[in-house]
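Here is the structure we will look at, set down as structure tokens.
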Amino acid sequence: MNFLEERILADGVIKPGNVLKVDSFLNHQIDVALIDQMAKEFKRRFADKPITKVLTIETSGIAIAYAVAREFGVPMVFAKKSKSVNLDGEMHVAEVESFTHKKTNKVVVAKKYISPEDHVLIVDDFLANGCALQGLISIVDSAEASVEGLGIAIEKGFQEGGYRIRNLGYHLESLAIVESMDAETGKITFREEL
């Protein structure tokens, strides 16, 4: 069992509807030492890749992506869920359906922040159905940049997102893959690491 799995067992809360709450340490209150440990692990797993940018989607992925970008010594870019008045210039746009919020957002990244020369590592906190990752991949593709890998903190292995992304041929690394969870018993089972 790895450090993130141990933390999920200690502090994660299962809610009905296959919701895993990790807001006490990952996406509301943030354990910065844990995030730093996760970033070092992503750096280890993608050390052979020529990463020039780390990309995530607001909001929960930002803390993890920041720490990962710091480990690689590259800029971090995050896709915004709405175009605000202070965004100018041309945008890469993708539609993303949120499993957690049960709605679809248009996410945007200014074209000046991802270019064809970039080698992008996409990072996020959760992978469920894969819509957020597919949206971020489409942004990188529209920039004619290359996706070097995808780093996920927690993957819900019982949902189809990870399977779908891996079948597209992408290098996907998840620090913890939840194979099953039961809201009634509180039991979480993780996929065995290979």
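The values are calculated or read from the model by the stated rules, or taken from the named source; none is laboratory data. In this text, all values refer to a predicted model and were calculated from it rather than measured experimentally. All Cβ positions, glycine included, derive from the backbone under ideal geometry; neighbour counts span all protein chains shown. Side chains are part of the model used for accessible areas, which takes the heavy atoms of the whole protein and leaves out ligands, DNA and RNA. Shrake-Rupley method; radii C 1.70, N 1.55, O 1.52, S 1.80 Å.
Worth pointing out:
- Check on G151, buried (at least 16 other Cβ atoms within 10 Å of the Cβ) and touching a residue at least 60 places away in the same chain (Cβ under 8 Å): yes
- Just so you know, in the range 35-59 the residues that are in a loop (DSSP other than H, G, I, E, B) and charged (D, E, K, R) include one that is most open to solvent (accessible area, probe 1.4 Å), and it is D48.
- Qualifying residue in the range 130-140 (condition: over 18 Å from the mean Cα position of the chain (by Cα) and at pLDDT 95 or above): no
- For the condition in a strand (DSSP E or B), more than 13 Å from the chain's Cα centre (by Cα) and among the small types (G, A, S), A94 qualifies.
- Odd one out for L136 among (1) open to solvent by 20 Å² or more (accessible area, probe 1.4 Å); (2) under 24 Å from N18 (Cβ atoms): (1)
- In the set M38, M91, M76, only one residue is of a type outside the set (S, T, Y) and over 25 Å from V108 (Cβ atoms); that residue is M38.
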